[in-house]
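Undergrad: Quick one: the structure is below, questions incoming.
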Amino acid sequence: MLSETNDTELHLSGDMPVVLILDARHRIEERLLQAWCARMVASAPARQVHTVTLPISDERRGLDLQALRERLAADPETLVVPVRVFWRIPGFDQARGLRLRQLLFGDPRAPGALRARWMLLRDRRRAFCFAGQPATIGAMREEFESSEQAGSADSAVREDAFTQVVLRRAGLSLDIAERGLRGTRYKVPKFVAENLHANPAFAEAVAALSAQSGQPLAALEGEADKYMAELISRPRPLFIDLKAWLERTLLSMGYDNDLSVDPAEVERFRRIIREKPTLVLFTHKTYLDGLAATDIAYRNDMPLIHTFGGINMAMPGLSTMMRGAGGIFIRRSFRDNPLYKLVLRFYISYLLEKRFPMTWAFEGTRSRTGKLSPPRFGLLKYVIDSAHSNGVEDLHFLPVSTSFDLIRDVDDYVAEQSGALKKPESLGWFIGYMKSLREPRGRIYVNFGEPVVVHKAPDPDDKLALAKIAFEVAVNANRVTPFTLNALICLILLGSAPRGMTAGELHTGIGYLVDWGRRRGIRMSDTLDQGAEGAVEQQIETLLRSGLFNRYDQGSQVVYSVEPAKHPVASYYRNTIIHHFLERAIIELSLLKAREDYKSPAQAVFWAETSRLRDLFKFEFFYPEKEEFRANLEAELRRICEDWRERLQQGGTRLHSLVARCQPLVGHAVFLPLAEAYMIVLLVLSGLQPGESLSQKDCVAKAIREGRVAYLMRRVTSEASISRALFETGYQMAEHLGLAGATDARALAGRKALLREFRDLLRRMETSRIEGLREADKLFDEVE
């Protein structure tokens with residue numbers, strides 16, 4: 001039994017023989033451990049004690065296990081005790097940061113021999129010896145014999161495998177003990193490649209691939225080693241701390257130092273990743289949102305989160321640090337490389353089984369519109385495949401919504417959407433990106449959604465099951481996305497454009513939408529939640545300095561507006577929250593349709609239009625099932641007016657009064673750029689001659705050019721409608737309706753009919769805008 005008496009003494013009771021495994025990287029550590037172990041066994045001088053020195057913690061060094069193999073042939077009652085030196089850094093636990101002088105010669109927690117000698121001369125308390133959990137040879141051998149790793153009939157092979165198991169157990173035991181000294185944030189996987197090779201299922205899979213492909217087994221095993229070296233991260237405390245420092249620097253350069261996050265949600269986050277195999281899936285609007293969850297985990301002493309990234313981000317220098325801090329770089333394409341997929345699958349499975357959380361952007365790429373993009377199934381499929389193949393259960397997909405007052409990348413997105421090429425990533429680009437983050441941009445808000453729990457992983461080829469998981473993650477992420485002051489201001493000012501809003505109108509509109517959101521359980525940013533007028537004004541000043549919108553205060557009224565050139569940027573921020581208004585906007589536009597069509601039953605027209613709008617814009621939003629969607633519309637109608645059914649059924653003036661109850665109208669603010677972009681796509685398709693067709697790529701390119709013409713002719717209201725992403729979904733909509741193929745008489749007639757339908761919809765949106773402004777003018781007249 002092992003008992004600790006103070007910082008420097010440990011004693012073993014009993015007189016059983018002992019094998020001490022000294023995890024020493026050099027002679028200084030070996031001497032420290034030998035001296036300490038001598039005191040440890042001093043109470044039983046007759047005890048047989050043997051030592052084996054192996055630098056277990058240095059995974060980069062090859063280990064000669066012959067001495068350990070010989071010692072493991074001893075009496076089964078022999079106790080194996082691993083020991084290691086822990087090096088303290090003065091003041092590190094308080095500041096959680098390494099100084100430059102501490103980094104000049106490498107990580108001070110893993111000093112070389114000369115540095116270790118110098119550190120001890122200055123302060124012997126810097127070195128602290130400790131032991132891992134001991135176990136007898138007999139107990140470990142019994143456990144080994146009952147495992148799949150003991151499958152070989154060759155005794156030499158079995159002994160080699162048993163020695164490897166003891167070595168990994170000793171390393172794990174020391175790592176667990178060291179986490180009690182260093183912290184849970186340094187809980188990292190060790191000997192991953194060795195564990196994969198020792199997995200009989202992996203060996204069988206490689207052998208099966210060899211038989212299937214005809215490639216020699218040895219060649220495949222060598223190639224698998226190369227893929228493991230490329231894929232497997234090897235976290236080290238130095239790089240974990242450096243990455244955390246870099247993340248904190250990037251997150252605080254232009255934003256408030258502290259992330260806005262609910263402490264109760266942080267504790268829920270801690271509990272989930274501690275107890276369940278967890279995939280942390282974050283929304284992706286900038287290069288920074290992936291840093292939020294890992295920063296929270298590090299600062300709250302949670303286990304390291306492994307981060308997936310594209311191989312394009314594996315830049316020299318940066319990739320070394322990232323791999324040393326849990327970064328996993330995935331090739332962009334490996335569809336025709338079954339061995340790479342096999343290694344990746346077993347690596348992911350290993351991390352899941354050992355409860356090491358992983359994270360990636362489930363949209364796959366940064367949103368160019370502000371709305372949540374359709375999820376990509378690539379990594380999701382490989383995680384499901386890994387869990388399905390290896391029986392990992394109870395997966396927790398935890399959505400994380402990261403919101404920003406201002407985003408540095410939006411100007412780049414706007415340029416790309418109007419036809420500019422994306423700038424390639426490089427080290428020089430990264431340095432320039434860091435410099436550009438220094439401008440004040442407000443706060444960052446982090447919200448954790450409800451996890452999507454997959455108790456038993458489905459077949460990875462079940463596309464419907466994958467889509468359902470991805471859909472639920474997206475919906476849960478959207479549900480916890482908060483209202484931010486910037487997004488509300490952009491929604492209001494774009495909804496009134498080209499008319500500006502007085503300060504009073506703007507504040508009234510913000511207050512109304514905040515109250516509306518609270519009644520529906522929508523989360524609020526700190527500024528909106530606190531409701532302090534001073535805080536709102538302070539944040540408005542930050543937004544004004546960014547140039548996003550203008551304030552004119554030289555007249556009798558203070559007026560806010562968005563310059564036409566800034567509409568695409570403002571539209572991005574508005575789009576981050578429009579999903580909250582989707583059902584309300586559909587109700588408004590459908591009521592206006594029913595009000596206009598006085599010859600038909602209003603109720604029938606209304607419900608038909610709600611279904612039509614859902615179908616036309618099905619590629620823009622995440623809709624629930626039709627029954628739930630209708631129930632949500634009815635619930636919103638009840639909030640608007642308790643007797644909505646009677647008013648809708650009676651029509652006439654009763655229907656007019658129901659529309660009036662919807663003030664202020666937001667339908668145009670939600671759908672206008674979408675409808676205008678779709679109209680441009682239909683104009684392009686309607687201009688094709690019989691027999692002609694356009695691919696999506698060619699149609700989008702032409703739509704960008706024709707969109708510019710339409711804007712200059714003021715056939716569309718804003719440059720926000722000239723968007724590559726919206727043109728792509730507009731083409732998908734036409735394709736879904738069977739109107740995007742080769743041009744014939746039927747297709748041409750269908751395109752022109754749909755074009756008229758969109759023009760009619762845009763006219764109703766203008767009616768919505770005008771009626772909303774009319775209500776604002778009434779309020780202004782009352783004040784006057």
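Undergrad: Let me confirm something: among Arg117, Arg109, which residue is of a type outside the set (Gly, Ala, Ser) and open to solvent by 20 Å² or more (accessible area, probe 1.4 Å)?
TA: When all the criteria are applied, what remains is Arg117.
Undergrad: Pull up the stretch 179-194, narrow it to residues that are among the basic types (Lys, Arg) and not in a loop (DSSP other than H, G, I, E, B), then point me to the one that is most open to solvent (accessible area, probe 1.4 Å).
TA: Arg179
Undergrad: Can you list residue pairs whose Cβ atoms sit under 7 Å apart, with the first residue in the stretch 191-213 being acidic (Asp, Glu) and the second being open to solvent by 40 Å² or more (accessible area, probe 1.4 Å)? Count only pairs 6 or more apart in sequence or on different chains.
TA: Every condition considered, the pairs that remain are Glu194/Gln164.
Undergrad: Of the conditions (1) open to solvent by less than 10 Å² (accessible area, probe 1.4 Å); (2) under 36 Å from the mean Cα position of the chain (by Cα), Ala710 fails just one. Which one is it?
TA: Unmet for Ala710, out of (1) open to solvent by less than 10 Å² (accessible area, probe 1.4 Å); (2) under 36 Å from the mean Cα position of the chain (by Cα): (2).
Undergrad: Among the numbered criteria (1) on the phi > 0 side of the Ramachandran plot; (2) touching a Lys or Arg at 6+ places or on another chain (Cβ under 7 Å), which single criterion is violated by Gly419?
TA: (2)
Undergrad: Let me ask something else. Can you go through Gln689, Gln663 and tell me which one is open to solvent by less than 70 Å² (accessible area, probe 1.4 Å) and not in a helix (DSSP H, G or I)?
TA: Gln663
Undergrad: Here's a follow-up. Kindly evaluate Gln212 against the criterion of being assigned to a helix (DSSP H, G or I), in contact with a Pro (Cβ under 9 Å, 6 or more places away or on another chain) and open to solvent by 70 Å² or more (accessible area, probe 1.4 Å).
TA: In short, yes.
Undergrad: Give the residues of the stretch 278-295 that are open to solvent by 10 Å² or more (accessible area, probe 1.4 Å) and either closer than 19 Å to Leu380 by Cα or among the charged types (D, E, K, R) (or both), sorted by residue number.
TA: Once the filter is applied, which keeps residues that are open to solvent by 10 Å² or more (accessible area, probe 1.4 Å) and either closer than 19 Å to Leu380 by Cα or among the charged types (D, E, K, R) (or both), the stretch 278-295 yields Phe282, His284, Lys285, Gly290.
Undergrad: Let me spell it out: the conditions are (1) over 27 Å from Val475 (Cα atoms); (2) within 21 Å of the chain's Cα centre (by Cα), and Val452 meets all of them except one. Which number is the exception?
TA: (1)
Undergrad: Which residues, taken from the stretch 406-435, are open to solvent by less than 30 Å² (accessible area, probe 1.4 Å) and over 25 Å from Ala703 (Cα atoms)?
TA: Leu406, Ile407, Tyr433
Undergrad: Name the residue, out of Leu491, Leu427, Leu485, that is touching a Lys or Arg at 6+ places or on another chain (Cβ under 6 Å) and touching a residue at least 60 places away in the same chain (Cβ under 8 Å).
TA: Within the list Leu491, Leu427, Leu485, the selection yields Leu491.
Undergrad: Give me a count of the residues in the stretch 270-328 that are in a helix (DSSP H, G or I) and aromatic (Phe, Trp, Tyr).
TA: Summing the residues that are in a helix (DSSP H, G or I) and aromatic (Phe, Trp, Tyr) in the stretch 270-328 gives 1.
Undergrad: Cβ contacts < 6 Å: first residue under 16 Å from Glu416 (Cβ atoms), restricted to the stretch 706-732; second residue among the hydroxyl-bearing types (Ser, Thr, Tyr), any location; separation 6+ or different chain. Result?
TA: Glu719/Tyr711; Ala720/Ser571; Ile722/Ser418; Ala725/Thr369
Undergrad: Return the residues of the stretch 590-605 that are without any contact (Cβ under 8 Å) to a residue 60 or more places away in the chain and either over 29 Å from Lys468 (Cα atoms) or surrounded by fewer than 18 Cβ atoms within 10 Å (Cβ to Cβ) (or both); say none if nothing qualifies.
TA: Asp597, Tyr598, Lys599, Ser600, Pro601, Ala602, Gln603, Ala604, Val605, listed by residue number.
The rows are residues; the columns are (1) in contact (Cβ under 8 Å) with a residue 60 or more places away in the chain; (2) under 23 Å from Lys285 (Cβ atoms); (3) assigned to a loop (DSSP other than H, G, I, E, B).
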| residue | (1), (2), (3) |
| --- | --- |
| Gly364 | yes, yes, yes |
| Lys371 | yes, yes, yes |
| Lys381 | yes, no, no |
| Asp385 | yes, no, no |
| Asp394 | yes, no, no |
| Val400 | yes, yes, no |
| Asp412 | no, yes, no |
| Leu421 | no, yes, yes |
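Undergrad: Among (1) open to solvent by less than 50 Å² (accessible area, probe 1.4 Å); (2) in contact (Cβ under 8 Å) with a residue 60 or more places away in the chain; (3) over 20 Å from Val473 (Cα atoms), which single condition is Leu352 missing?
TA: (3)
Undergrad: Mind telling me which of the residues Leu259, Leu174 ends up being open to solvent by less than 70 Å² (accessible area, probe 1.4 Å) and more than 30 Å from Ile311 (Cα to Cα)?
TA: Answer to the selection: Leu174.
Undergrad: Follow-up. Among the listed residues Glu627, Glu609, identify the single one that is surrounded by 13 or more Cβ atoms within 10 Å (Cβ to Cβ) and of a type in the set (Asp, Glu).
TA: Glu609
Undergrad: Looking at the stretch 605-647 only, could you name the residues that are among the aliphatic types (A, V, I, L, M) and at pLDDT below 95?
TA: Ile640
The values are calculated or read from the model by the stated rules, or taken from the named source; none is laboratory data. Predicted model only: the values in this text are computed from it and were never measured. No Cβ is skipped: glycine too gets one built from the backbone with ideal geometry, and neighbour counts run over all protein chains shown. Ligands, DNA and RNA are stripped out before the accessible areas are found, and what is left, the full protein with its side chains, is counted by its heavy atoms. Shrake-Rupley method; radii C 1.70, N 1.55, O 1.52, S 1.80 Å.
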